[in-house]
Amino acid sequence: MSNEGLSNLLHEERTFEPSEEFRAQANAGQELFDRAAEDREGFWAEQARRYVQWETDFEQVLDWSEAPFAKWFLGGRLNACVNAVDRHVEVGHGDRVAIHWVGEPEGETRDITYAELHQMVQRAANALADLGVGEGDTVAIYLPMIPEAAIAMLACARLGAPHSVVFGGFSAEALHSRIDDAGAKVVITADGGYRRGKPSALKPAVDAALAHDENPVQKVLVVQRTGQDVDWTNGRDLWWHEALEAAAETHEAQAFDAEHPLFILYTSGTTGKPKGIFHATGGYLVQTAYTSHVVHDLHPDSDVYWCTADIGWVTGHSYIVYGPMTLGATQVMYEGTPDTPHQGRFWEIVQDLKVTVLYTAPTAIRTFMKWGTDIPAKFDLSSLRLLGSVGEPINPEAWMWYREHIGADRCPIVDTWWQTETGAIMISPLPGVTAARPGSAMKAIPGIVAKVVDDMGQEVEKGSGGYLVITEPWPSMLRGIWGDPKRYQETYWSRFPDAYFAGDGAKLDEDGNIWVVGRVDDVMNVSGHRMSTSEIESALVSHPKVAEAAVVGAADETTGQAICAFVILRADAVAEADSQAAAGEGEKLVQELRNHVAKEIGPIAKPRQIMVVPELPKTRSGKIMRRLLKDVAEHREVGDVTTLADSSVMSLISDGMQKG
Ligand code: WT7
């Protein structure tokens, strides 16, 4: 963000206090901050015993002696699935709806109670066990937003088999590398899912991912969702419904060590290779349940909660599956997009199911703003009492629109900062305590210590900017990068001494509130999805016509950032491109490259813009100066070029832009 943008943010003076009514019923009050400040470990021990049912109680809260490798709740044993499902049935809440599932085709719904969920996870666990899945075996999950996605995750957790969910928008290639890296024994997928009114196939991507000579996968379980035709590999592929039917009805769950890995989730880093972030069972469950309770303020006996994220991202893991379900909450799960079959779909769902707590992303809010206020105005949104935002900075305008047009100027908004790596919410208002400021995630929640530091790791003064760090370990922190402990240490714990570096830039305002302004590394945030510039660059240069590529995230009004690529063509491709351009078909090559990126990574990684350029701006040591390319992509005057090896390169690029 430009300096001007930043100072505008810091002049935001509006604050919104929770109403007396909200405050009176809120799960968390000021005393939580006081207690955590007085004895942090004692505080976490209390939360751990409050939110989680331990089969064996823990003996020690934290072992940080091998920092940055943490162990939480040592000696404790638990089963995450029992916590999220069985125990609600045991205490008599079996009839409570766990999931109000809403399919994309209108009218297609399923309500699943906790008792039904209990039956399904037991059968699914038995079915997986019948395929040889046991403690420590990894299972890949590649599913649309259907209840089976949550059931599959919970069944894995029940067996102590770490799941690795791969977002359905990733390509066969991306799926292949994730399956391989995690060593998944079984893949759970579906024939397809509904996307914008049409069935969209998933199984072919799994087939293609497994077509590689060597892969660890022995079995593929296929959920029937759309009924479309699928290719079948006998001996490897099984229908999910048949496997569950054949499996035993009851499953006795075993407890696992608090540090037993619960799941792996791949996320983009600054290099081409995605990182397998893995989380441990105990600490993760404690902090997701705690934050669902104090930040989302869930009242399981009365709320209808809806998190609009996809289960393929960490938000879906923490705030569809593990947090809300550990509390025994009722939630909505929606299969489709916000504009299918009409742009009021979200609000229709809120109205029909009387949603009380809504958790969505700034990019969605900005899209709704674009569609116009008359759309939500047609629906009765009076059931809503709390709104949440996650995934990227929310600009004050979007925040205000959300508050006024969705929240009737009445619902508190929690802007929650966290990451795949942090596992759960870290910085956020507490809705019954904090007087929130539009655009700021405010302060670290009780139990978390976050700071903004300068280049030297010193805390910045109020009113200044720097880097966001976490200075104390927290229960749901990642336990590492799957198979690469060194990379874990180097990526997160080496930039500043004794602190976790999140990769985000932030500012502290005069009141000590934190304003997260975005990544300071080569990671982009497109519609709340994390994308690596170098991963997309690698995809581009793997195309035979491309010699070199540089990718930047350019500011975009709706998606936050948009992917812009600059490519240099190989000599033999230049002539062809020139003649295409001369024939007015310059778009052809760009389309070809965009599709290539979709094939290598997934449609979500397609660049908005690809510009063919004669040169790329590089320093004398050969590093691409993305900052200058960003200036071009954002139509700004190009900044300081004095460190370029060849300072004329930028005018070549800009001239080309004007022509093109
Ligand atoms: C990155 C993490 C958090 C789950 C979804 C994304 C950005 C996230 C906020 C927020 C400003 C935010 C950061 C962070 N981010 N929430 N409330 N305000 N920025 O998880 O894919 O791991 O991405 O998302 O840049 O580092 P993720």
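Readers should treat all values here as calculations from the given coordinates under stated rules, not as data from a laboratory. Just so it is clear, the model here is predicted, and its values are computed rather than measured. Because the Cβ atoms are built from the backbone with ideal geometry, glycine has one as well, and the counts that use them run over all protein chains shown.
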| query | With each pseudo-label sitting 7 Å past Cα toward Cβ, what's the Ala571-Asp130 distance in nm, one decimal? | reply | 6.2 nm
| query | Do the sum for the chain: with -39,500 (n - 2.57) for every DSSP H run of n ≥ 4, divided by all residues, what is the mean residue ellipticity at 222 nm, to the nearest 500 deg cm²/dmol? | reply | -9000 deg cm²/dmol
| Anisotropy class of region 388-454 from Cα gyration tensor, a/c 1.5 cut | prolate
| At what distance in nm do the modelled label points of Asp229 and Asp498 sit from each other, each positioned 7 Å from its Cα along Cα→Cβ? | 6.6 nm
| Lys451: which lysines have alpha carbons under 17 Å from its alpha carbon, excluding same-chain residues fewer than 8 sequence positions away? | Lys443, Lys462, Lys507
| said: Would any residue of region 162-198 have its amide N under 20 Å from a label point 7 Å out along Cα→Cβ of Thr271? List them or say none. | reply: 174-183
| said: What does the charge count around Val541 come to, taking other residues whose C-beta lies under 12 Å from its C-beta (Lys +1, Arg +1, Asp -1, Glu -1)? | reply: -2
| query | Could the peptides 157-169, 276-288 be put in order, highest first, of the mean number of other beta-carbon atoms found within 10 Å of their residues? | reply | 276-288, 157-169
| said: Give me the dipole magnitude in Debye, nearest 20, for the chain about the Cα centre, with unit charges on the beta carbon: positive for Lys and Arg, negative for Asp and Glu. | reply: 720 debye
| What is the order of Ser440, Ser65, Ser464, fewest Cβ neighbours within 10 Å to most? | Ser65, Ser464, Ser440
| Packing-based exposure ordering (other Cβ within 10 Å, fewest first) of Ser534, Ser382, Ser200 | Ser382, Ser200, Ser534
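Could you line up Trp417, Trp371 from fewest to most neighbouring Cβ atoms inside 10 Å?
Trp371, Trp417
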| request: List, in the order given, every pair from Lys71/Lys273; Lys545/Lys623; Lys203/Lys599; Lys198/Lys378; Lys545/Lys599 whose Cα-Cα distance in the structure shown is over 19 Å. | output: Lys71/Lys273; Lys545/Lys623; Lys198/Lys378
| query | So how long is each side of the chain along the principal axes, counting just the alpha-carbon atoms, biggest first, in Å? | reply | 72, 64, 57
| query | So, in nm, how far is label Glu615 from label Glu404 when the simple model puts each one 7 Å beyond its Cα toward the Cβ? | reply | 4.9 nm
| If you add up the charges near Ala258, with Lys and Arg at +1 and Asp and Glu at -1, over every other residue whose beta carbon is less than 15 angstrom from its beta carbon, what do you get? | -4
| said: Could you tell me which residue out of Gly344, Gly169, Trp54 lies farthest along the dipole of the chain toward its positive end? Charges go on the beta carbon: Lys and Arg +1, Asp and Glu -1, centred on the Cα centre. | reply: Gly169
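Report the extension gain between Arg110 and Glu252 in nm, rounded to one decimal, defined as 0.36 nm multiplied by the number of residues separating them, less their alpha carbon distance.
That pair, Arg110 and Glu252, stretches by 48.5 nm at full extension.
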| With the dipole of the chain worked out from charges on the C-beta (+1 for Lys and Arg, -1 for Asp and Glu) around the Cα centre, which of Val82, Leu540, Gly283 lies farthest toward the positive end? | Leu540
